[in-house]
C-alpha cells in the first residue's frame, strides 16, 4: 500500500474536527497513490480524500493545484473540490506534512478503455481546457523539453540497462525535438497526466477527473497528445486508430484544432511519448526494489515513441483536416 506517511487516529480526528466534517467513522490508505499519501476518510458528513504531500511535490505549487480545482469546479468541471477548514484555509499540516482535504468523487476508472471512453475523455479534456481560461495563477511545465534534457542527464549512463540502444534513441530524439518542437501554439492550463486511472466513469458516463498534481501551463494540443499515448494503444502496445479517432473527434466537437496544431501533432505525440519514457526510465532505475510502489515499466513507451517516429501527418492519427 502506497502510504508513505502514517497518521494516528488522534491526529486525524483533530484534523476532521478542524474542518467541521463531523465525527470520524473510518479511514484507510489508498494503494494507488504514487507521488503522495492518500487516505479515504469517512465521517458523519460524508466521504473525503485526505492527501499528504510528500517530498517530490513542491509546496510552492500547492496554491496553484488547489486553486485550479476550485476554479474548474466553479466552471462545471467534475473534479475534487478542496474543503476549507474553520480558518478558511485549504492547506493544513498533519504528521509533519502539508495536507489538504478534498471531496470524494464516485466512479471507477476503466481498466480496458473502449472507444466510448476515449470519445468521452476527448470531450472532457476540451471542456477542461476551455474552463481553465481566466485562472489567475500560472505554473510553468517543469517536465517540458528543457526538463527532459535535465532528467535524461541524471540516468544517461545507465539507459541501456533498460534496453540495448535506449541511450542512443533518447539522445537522437532529444536532438530532433530541439529542432522541431513547435512554439506559439494555443495554450493555457493543461492536466498533463490524464491517464485512465485519473478518469472516473459510472457506467458509460464520465463522472470526474482527478489527480491534477502535474497540471501546468502549456500547449493544449500537447495535452491531447499525452491522452493519445495513454488511451489509444492496446495492451500489446499496438496503436488503435479507432480509439484515436474517437478521442480526437470527442475533443474537436468542442475545440477544433488549428492548422498549426494539426501540423505539429505528430511532433507533439513524439514529445509526449518521450516525456513518459524518461520519467518511467528514471524511476525504473532509481526505485528501491523494496519500495511501496512498483515503478511503471518504461519499455512500452519505447514502442510508442518508435511508432510516432513513423507518423508524418496528423491525419494518420484520425485528426480531421481543418475546413
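General remarks:
- Taking 7 Å steps out from each Cα toward its Cβ at residue 236 and residue 160 produces label points 3.1 nm apart.
- Remark: spin-label model distance residue 6-residue 320 equals 5.7 nm, labels positioned 7 Å along the Cα→Cβ axis.
- Translational diffusion coefficient (Stokes-Einstein; Kirkwood radius from C-alpha pairs) of the chain at 10 °C, 1.306 mPa s, in µm²/s: 77 µm²/s
- Residue-averaged [θ]222 nm for the chain, counting only DSSP H segments that reach four residues, each worth -39500 (n - 2.57): -12500 deg cm²/dmol
- Normalised contact order of the stretch 115-317, rounded percent, pairs of Cα under 8 Å and 6 or more residues apart: 30 percent
- For the chain, DSSP calls about 95 percent of its internal beta bridges antiparallel.
- Two-site FRET efficiency, residue 312 against residue 150, from Cβ-Cβ distance with R₀ of 22 Å, rounded to 0.05: 0.15
- Percentage relative contact order, the stretch 162-278, counting C-alpha pairs under 8 Å, at least six apart: 29 percent
- FRET efficiency, residue 285 to residue 70 (Cβ-Cβ, R0 56 Å, nearest 0.05): 0.90
- Full extension of the segment from residue 14 to residue 171, taken as 0.36 nm per residue of separation minus the current Cα-Cα distance, would add 51.4 nm.
- Using 0.36 nm per residue and subtracting the Cα-Cα separation, the extra length available between residue 30 and residue 112 on full extension is 27.4 nm.
- For a paramagnetic label modelled on residue 142 (point 7 Å from Cα along Cα→Cβ), amide N atoms under 20 Å away belong, within the stretch 80-96, to 91-94, 96.
- Cα centroid separation, the stretch 217-269 to the stretch 126-176: 17 Å.
Bear in mind these aren't lab numbers, they're just calculated from the coordinates by the rules spelled out. Predicted, not measured: the structure shown is a model, and the values here were computed from it. When we count neighbours, we look across all protein chains shown, and the Cβ atoms used for this are built from the backbone with ideal geometry, even at glycine.
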